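I have placed the structure first, in the form of structure tokens, so that the comments after it can refer back to it.
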Amino acid sequence: MRRVTRNLLVVIALVVVVLLALGALPSYLGSGEPYYLTAEPIETDETAADVSNVSDRRWPFLTSALTSDDGRSDPYRADSYGIKEWFTHTPFDEVDALTRQTPGAATGDGVRVRYEGTAYRVEVVQP
């Protein structure tokens with residue numbers, strides 16, 4: 001094998017390893033207090049995003065908050081440097097997406113949603 005070819009293969013292998021590490025590393029990054037997506041039932045006739053048919057693969061924090069007993073999603077821990085947000089899905093992404101889909105449902109820090117006929121106020125909180 002020629003030296004140039006061998007060096008090219010080594011560089012390609014290193015790039016693959018780095019990309020795989022960037023895919024796995026964010027799950028290990030995380031410190032400080034966790035963030036939760038909370039879903040609080042409310043009485044309202046105002047505009048709300050219909051989330052009755054959302055997928056738990058696309059909306060993991062929202063579905064876990066809506067189906068949990070305490071109305072709180074699984075925790076999301078941010079990292080100290082802000083790198084994790086570039087590579088992972090966050091509860092902030094879900095609230096932003098719902099706000100973009102139904103702008104009239106936005107409520108300050110959260111969004112109103114309707115799930116199986118019940119209205120909820122969904123927001124990201126840090127205890």
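The values are calculated or read from the model by the stated rules, or taken from the named source; none is laboratory data. Predicted model, so just to flag it, every value in this text is computed and none were measured. Cβ: placed from backbone, ideal geometry, glycine included. Neighbour counts: every protein chain shown.
Observations, loosely collected:
- Search result, residues across the stretch 1-52 that are loosely packed, with under 10 Cβ neighbours inside 10 Å, at pLDDT 90 or above and closer than 29 Å to residue 95 by Cβ: 43
- Some residue of the stretch 56-70 being within 20 Å of the chain's Cα centre (by Cα), part of a loop (DSSP other than H, G, I, E, B), aliphatic (A, V, I, L, M) and at pLDDT below 95: no
- The stretch 93-104 - residue that is touching a residue at least 40 places away in the same chain (Cβ under 8 Å) and surrounded by 14 or more Cβ atoms within 10 Å (Cβ to Cβ) and, of those, farthest from residue 61 (Cα to Cα): 102
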